[in-house]
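Let me begin by presenting the structure, written as structure tokens, before commenting on it.
Every number here is computed from the coordinates shown, using simple stated rules; none is lab data. As the structure is a computational prediction, the values presented were derived from the model and not from experiment. Every residue, glycine among them, receives a Cβ derived from its backbone with ideal geometry; neighbour counts consider all protein chains shown.
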Amino acid sequence: MAGRVSVFSNAKVLAAAQAFVPAADEVWRLQRGGDAECQFFQRAVNHGQLITDNGTRQGIYVMSPSGKVLSRVNSLKADRVLTMMEEGLAAWEALPESERHLPQEINIQGEERWEDSRPKQGLLLERFVRDLPADGTPKGERATKWNRDTVWFSQEEVASIVAAAAAGRTRDGAWGDVPEALAHRLASYSLVDNVYGQCIPFDRGDLLRVELQIRETIQDGVVRGYEWRGSTLAIEDGKWVLGENLWTPKKLHPHAMETTIRGRAHYDTHAEVFLGLELVALGRRSGFTELNSRRFRPEPGGIGFLFRMDQRQWAPAPTFLSLYDTPWVKKPQSGRELRRD
């Protein structure tokens, strides 16, 4: 019965959403930033004042274009969200016309964002992670705990991956090695345990094994098919070598990740783009990191990752994009990091 109530409530939330213009953004930037867009948000949610404390303003809001918060809730429970939406819509209908619109003299243009570095001709991936029990079937709490992120590769980096497959082909079907820097990007920043919340990356010293290979399996005109394989092992070594930044932990806790990777992809040699790609990484994790509810469940366990083509017109930047250390990533002038909640 509880499951039916949840599904019914979710459907009602989706139906109610038709009366709104939905928008989403990263609250860390909004509540800490200093540009006009961030200040507009801060004054709206903080009684007309800029935010100076270290608390979070994350949540779901019904807000007028003029900057009036009509209702708000910080919950993912469908019933609570639905009630908040109904209250917000009623408040909007009662709002005088003079208080509904943004004054013409106000410009809330935001500053540069990390998303501006999104490669236009590169490889954009969605990444999903979740706990996996021994039998491979998520159930109970594990069935609802998962997280997502993005992974970006530039056009030049894509070309280097294709070149690796071509190098393998010249060795009579042997596997080619994906460039080390790109394989390390996955092992350090994507094969991390954020199932229960924000985490920190692995640094190069933690990477005890990173193997990622690709080979050509199909050639059909301009389309080539590829197979992927690999494995990783990362163990926190008790040192932090990524410098002073948003991700610098106050304390390093022991944690580790070991995975086996398999995948497939199709590439258009004429357009020089991947037409499809899926990578799966399965393995075991242990320990926990800062800002992560895993500390309450630190026992080792199975974990699974899925990487697939990101077809969205807009997507948030990879969590650790500021650590990519590559020329195509442009740091916003403010230097503000992506997020850390």
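A compact table of results
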read-out	value
Surface/4 of the Cα convex hull for the range 123-323, nm²	12.1 nm²
Rounded tilt (10° steps) of 36-45 against the dominant C-alpha axis of the chain	60 degrees
Ranked ILE60, ILE108, ILE200, criterion: other C-beta atoms within 10 Å, fewest first	ILE108, ILE60, ILE200
Under 11 Å, Cβ to Cβ, from SER160 - net charge with Lys/Arg +1 and Asp/Glu -1	-4
Length added when fully stretched, VAL21-ALA163, from 0.36 nm per residue minus Cα-Cα	46.7 nm
Least to most buried among HIS266, HIS184, HIS255 (fewest other Cβ within 10 Å first)	HIS266, HIS184, HIS255
Qualifying aspartates and glutamates (Cα of each under 18 Å from Cα of LYS139; at least 8 residues distant if same chain)	ASP131, GLU299
Spatial separation of Cα centroids for the range 89-110 and the range 241-258, in angstrom	43 Å
Loop-located trypsin sites (Lys or Arg not before Pro) in the range 86-173 whose Cβ has at most 13 other Cβ within 10 Å (DSSP)	ARG100, LYS120, LYS139, ARG171
Candidates PRO179, PRO119, PRO96: whichever shows maximal mean-square fluctuation once the chain is modelled as a Gaussian network with Cα springs under 10 Å	PRO96
ASP53-ARG204 pseudo-label distance in nm [points 7 Å out on the Cα-to-Cβ vector]	4.3 nm
Cleavage-rule hits (trypsin sites (Lys or Arg not before Pro)) in the range 279-327: DSSP loop, at most 15 neighbouring Cβ within 10 angstrom	ARG312
Size-normalised alpha-carbon gyration radius of the range 1-125, reference 2.2 N^0.38 Å	1.24
ALA91-GLU115 pseudo-label distance in nm [points 7 Å out on the Cα-to-Cβ vector]	2.4 nm
Candidate lysines for bridging to LYS68, where Cα separation is under 26 Å - those fewer than 8 sequence places away on the same chain excluded	LYS12, LYS77
Segment THR248-PHE296, extension gain: residue separation times 0.36 nm, minus the distance between their alpha carbons	15.1 nm
In nm, spacing of pseudo-spin labels at ASP268 and ILE218 (7 Å Cα→C-beta vector)	1.6 nm
Over the chain: helical MRE at 222 nm, DSSP H runs n ≥ 4 each giving -39500 (n - 2.57), nearest 500	-6000 deg cm²/dmol
Largest to smallest principal axis extent of the C-alpha atoms in the chain, angstrom	74, 45, 43
Sites ASN46 and THR170 - FRET efficiency at Förster radius 56 Å, r taken between beta-carbons, to 0.05	0.35
